1. Could you tell me whether region 13-55 comes out rounded, prolate or oblate from its Cα gyration tensor? Rule is a ≥ b ≥ c as square roots of the eigenvalues, rounded for a/c under 1.5, then prolate if a/b exceeds b/c, otherwise oblate.
2. Could you work out how far apart the two model spin labels at Lys56 and Ala141 are, taking each label as a point 7 Å from the Cα in the direction of the beta carbon, and quote it in nm?
3. In debye to the nearest 20, how big a dipole does region 31-77 give about its Cα centre with +1 on each Lys and Arg Cβ and -1 on each Asp and Glu Cβ?
4. Heavy atoms only, 1.4 Å probe, whole protein assembly: order Ser154, Ser67 by accessible area, highest first.
5. What order do Met63, Met161 take when sorted by accessible area (1.4 Å probe), most exposed first?
6. Ranked by accessible surface with a 1.4 Å probe, highest first, in what order do His40, His81 come?
7. Considering only protein heavy atoms, what is the solvent-accessible area of Leu41 at a probe of 1.4 Å, reported in Å² to the nearest 10?
8. For Glu43 paired with Ala159, estimate the spin-label separation in nm (one decimal), with each label point 7 Å from Cα along the Cα-to-Cβ line.
Amino acid sequence: MEHILAAGPGASPPDFPAFVASRGRPLLRTAFLLTGGDAHLAEDLVQEALGRVFVKWRRISKMENPSGYAQTVLVNIFLSHRRRRSSTERVTDVVPDVAVVDPDPALRLTLLRALAELPPQDRAVLVLRFWEDRSVEETAAALRLSSTAVRSRSSRALARMRGALGAESAGAMGKAGWRHAG
């Protein structure tokens, strides 16, 4: 994210650095979830999203919800990246050492693995709906899907995650903040 701000004195619109400071980490967290735990790819996606937002910042900063716009750009970049044929990298079981206060790190890793096994569009629906706590309509708008498609993708994706997690899935997903689709 520092690369965006290092463009030189006076190069960035006045409130863009403040926007990056306040929304950079939440965007990175979303990207981390979307990529199934690939921290390096998540950083690359956020960097690209912030670059695209920066180019249009004067217009975007006047929007009602510039954060939502940036997040939509991030999700679209993620989906576009996953569609590219050259995108053959796979997430490994190695998670970078990061100081985190996590009451159940094994559960977190299990959920990340189950999330990574989902198709990118289903993963994006679950991350936006349940992690980012967006409504069905907001998720539909961000992903350019119908509300019905978001509901059915949510339901199927949650069922696949429960199946991947096994018998403990209901309790595990509840502890981690995943709700039933509705």
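1. Prolate shape, in that a/c is at least 1.5 and a/b is the bigger ratio.
2. In this crude label model, Lys56 to Ala141 measures out at 1.5 nm.
3. Values: 5 positive and 5 negative charges, 86 e Å.
Dipole of region 31-77, to the nearest 20 debye: 420 debye.
4. Values: Ser154 0, Ser67 35 Å².
Largest accessible area first, the residues go Ser67, Ser154.
5. Values: Met63 65, Met161 0 Å².
The ranking, largest first, comes out as Met63, Met161.
6. On the way: His40 135, His81 40 Å².
Sorted descending by solvent-accessible area, the residues read His40, His81.
7. About 30 Å², rounded to the nearest 10.
8. 4.0
The values are calculated or read from the model by the stated rules, or taken from the named source; none is laboratory data. What you see is a predicted model, and the numbers here were worked out from it, not measured in a lab. Cβ atoms come from the backbone with ideal geometry, glycine included; neighbour counts cover every protein chain shown. Accessible surface is based on the protein model in full, side chains and every heavy atom, while ligands, DNA and RNA are left aside. Shrake-Rupley method; radii C 1.70, N 1.55, O 1.52, S 1.80 Å.
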